[in-house]
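Before any comments, here is the structure.
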Amino acid sequence: MTKSLKIIKIAEVLAPIMSSRDVVDDLLAPIRKADIQSVVLDFTDVDFISRSAAHELLLLQEEFHQKRKELSFKNTNSDISQMIRIVAANRAIPKHPKPAFKAERVDINSLI
């Protein structure tokens, strides 16, 4: 029998600090493979999330959405909510393309 809902209490499974994207990937790797339709990440007692961890969570949320699954966040404190909002906003703003590098051929004798 497969579960359709999985609730993960992050502070109990990991720690009150989510400091890297690797932590998020390790946390959700088994869930990606399982036949679970909805995952709720419970942030009760989590004090901090890094920018990279928040970015990874948003990428995973998009991945779940594309597979018609749901990844949601619950009980986020104001700092965590703000970090997730900031990262989401930065992802939504289109990036300007880097200027093209235009190399010129120069005769070495002209430099003397």
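The values are calculated or read from the model by the stated rules, or taken from the named source; none is laboratory data. Remember, predicted model here, so these are calculated numbers, not experimental data. Cβ coordinates were reconstructed from backbone atoms using ideal geometry, including for glycine residues, and neighbour counts include every protein chain displayed. Note: accessible area is taken over every heavy atom of the protein model, side chains too, but ligands, DNA and RNA are not part of it. Shrake-Rupley method; radii C 1.70, N 1.55, O 1.52, S 1.80 Å.
Observations on the structure shown:
- Counted residues, the range 53-112 - those being assigned to a loop (DSSP other than H, G, I, E, B) and of a type in the set (Ser, Thr, Tyr): 1
- Selection within the range 1-36 - open to solvent by 40 Å² or more (accessible area, probe 1.4 Å) and in a loop (DSSP other than H, G, I, E, B): Met1, Thr2, Lys3, Ser4, Leu14, Pro16, Ser19, Asp35
- Residue tally, condition within 11 Å of Ala88 (Cα to Cα) and open to solvent by less than 50 Å² (accessible area, probe 1.4 Å), over the range 56-69: 3
- Being among the aromatic types (Phe, Trp, Tyr), closer than 25 Å to Arg91 by Cα, open to solvent by less than 20 Å² (accessible area, probe 1.4 Å) and in contact with a helix residue (DSSP H, G or I) (Cβ under 8 Å, 6 or more places away or on another chain) is a property that Phe43 has.
- Members of the range 70-98 that are modelled with pLDDT under 95 and surrounded by fewer than 10 Cβ atoms within 10 Å (Cβ to Cβ): Ala89, Ala92, Ile93, Pro94, Lys95, His96, Pro97, Lys98
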